[in-house]
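Notes follow the structure.
The values are calculated or read from the model by the stated rules, or taken from the named source; none is laboratory data. Note that this is a predicted model, so its numbers are computed, not measured. Using ideal geometry, Cβ is built from the backbone for each residue, glycine included, and neighbour counts are taken over all protein chains shown.
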Amino acid sequence: MNIEARPLETRAETELAEAFDTLKAKLPGGDAVAAKRTEAFADFRKAGLPHRRVEEWKYSDLRARLKSVPAFAARRDTAAARSLVEAHAGTFGDAERHRLVIVDGHFHADLSDVEALGKDGITVRPLAEALADEGAALMAMPAIASNDAAVGLNAIFCADGVELVIAEGATVSRPVEILHVQGGDQAGASAERVVIRAGKGSSATVFETFVGGTEGTFSNTLTDIRAADEAGLTLARLQAEEAGTTHVGSAVVTLGTASNVKLIGAGIGSGFARHQSFVTFEGENARADLLGITMVRAGQHVDQTLVVDHAVPNCESTELFKTVVGEGAKGIFQGKIIVRPDAQKTDGQMMTQSLLLAEDAEMALKPELEIFADDVQCAHGATSGEIDEDLMFYLQARGIPEAEAKMLLVLAFLSEAVEEIGDETIVEAFEARIRDWLYASA
């Protein structure tokens, strides 16, 4: 007799089950959405939180990390939310931009530039309103993301968020910043969802910034990007939550014919973070560029995981990820390119490089190719090493102090990924964060 072994339920799993029982009647969406949530909850009850025996999560044991899950955060009043926003408003400096604000997982239209965005070609509405109109179709995920544990948890609990619909043919004049702020007064859980629909032939740049939180805060975010034919979208995501937080963020991207999506991620925050990207090509002659910068230190654990699904012919993808790992920290990169049998003329190139700054710095690398077509150009590479002592000696011999010399070499290591970003505002913001991190680590 074969019996499937499952670990005993943890306190965190019990708390999540109790939270759903309490919240399910209040969560937005009609009967079809409720059925989707119930289905996802049944999967969660069967499998529990992802752990090291789940292949995709073997380097990032969320079950072991979450000893307890705090209550899902209530909506703050406008004054309290504004105070938090003002404390975290400087990420992109004085750059002109439209802003949308999400505090503790709740969208605040009264603190957001909804009207200005409407004039610039973007219709904005709360997630609850979008769910009421579109039902379960808004919850649907492509195959490569549909069975992911974190995506499933977001489907269960997403109570708020925002939908952006970029009009067909619109060229949005200013970048859009979606500011996600977690309160620091007490730990809370959140599960917001952002949906970006880029209309045919549209063009836009979006920043997502994740900041704040305190010891015990747990955020599980999902950004769903649906790029129509010939759409162009750049999404830059900066995760800089406080050290005691646990952050799991998913980006799910589908590309139509001749569309172009650039997905840029910088992970420097949280004690435990997983940034995962799921990219599916649904139309031919599309291109996706994924760039990642991760910097960890002092016991941090940050995981960059991506899956790129070439389901149709004649598409291109590039993946370039750089990781800097300091004392007592662990970085993870898992990347998979899938080429389906009909996806001839696919070009997929993946490279990950890591720089270890201390003897106890750890880096786990797992690049993969699954190719079922024969007329393709696909490759992956992975390197891991330490700072070149000869270069350090060269710089110090010319009077540059050791700390500054190390900083210059780290900046040089990251420069390739930074330069590929292409957007000056994003580059300046990321470079400022990189320098702050290096000065703090010196």
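Points worth noting:
- One residue stands out in segment 295-335 among those that are part of a loop (DSSP other than H, G, I, E, B) and of a type in the set (A, V, I, L, M, F, W, C): the one that is nearest to the chain's Cα centre (by Cα), namely A329.
- Sole exception among (1) crowded, with 24+ Cβ neighbours inside 10 Å; (2) not in a loop (DSSP other than H, G, I, E, B) for S270, by number: (2)
- Flag if R76 is within 30 Å of V165 (Cβ to Cβ) and assigned by TED's automatic domain parsing to the domain that holds A132: yes
- Any chance A236 is assigned to a strand (DSSP E or B) and crowded, with 22+ Cβ neighbours inside 10 Å: yes
- Matching entry among S68, S60 (being assigned by TED's automatic domain parsing to the domain that holds V194, assigned to a loop (DSSP other than H, G, I, E, B) and touching a helix residue (DSSP H, G or I) at 6+ places or on another chain (Cβ under 8 Å)): S68
- The requirement of being under 13 Å from the mean Cα position of the chain (by Cα) and not polar (S, T, N, Q) is not satisfied by G244.
- Complete set of residues in segment 345-399 that are of a type in the set (V, I, T), closer than 17 Å to T294 by Cα and in a strand (DSSP E or B): T352, T383
- Candidates E177, E129, E163, filtered to the one that is in a helix (DSSP H, G or I) and touching a strand residue (DSSP E or B) at 6+ places or on another chain (Cβ under 9 Å): E129
- Filter result for V101 (in contact with a His (Cβ under 6 Å, 6 or more places away or on another chain) and assigned to a strand (DSSP E or B)): yes
- Within segment 376-433, being within 30 Å of C315 (Cα to Cα), loosely packed, with under 15 Cβ neighbours inside 10 Å and not hydrophobic (A, V, I, L, M, F, W, C) holds for Q377, G381, T383, S415, E416, E419, E420, G422, E424.
- Subset of segment 243-257 [without any contact (Cβ under 8 Å) to a residue 60 or more places away in the chain and surrounded by fewer than 24 Cβ atoms within 10 Å (Cβ to Cβ)]: A243, G244, G256, T257
- Residues being β-branched (V, I, T) and surrounded by fewer than 20 Cβ atoms within 10 Å (Cβ to Cβ) - total across segment 86-123: 3
Residue-by-condition table, conditions (1) at pLDDT 95 or above; (2) farther than 26 Å from V308 by Cα:
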residue	(1), (2)
M139	no, no
V151	yes, no
A155	yes, no
C158	yes, no
A167	yes, yes
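- All positions within segment 322-371 that are touching a helix residue (DSSP H, G or I) at 6+ places or on another chain (Cβ under 8 Å) and farther than 14 Å from Q300 by Cβ: K322, Q334, I338, Q353, L355
- Residues being of a type outside the set (S, T, N, Q) and at positive phi - total across segment 257-306: 3
- Check on I338, in a strand (DSSP E or B), modelled with pLDDT of 90 or more and on the phi < 0 side of the Ramachandran plot: yes
- Cβ pairs under 9 Å, 6+ apart, first in segment 49-71 and free of Cβ contacts under 8 Å to residues at least 24 places away in the same chain and more than 16 Å from H275 (Cα to Cα), second surrounded by fewer than 17 Cβ atoms within 10 Å (Cβ to Cβ) and not basic (K, R): R52/A64; R53/P7
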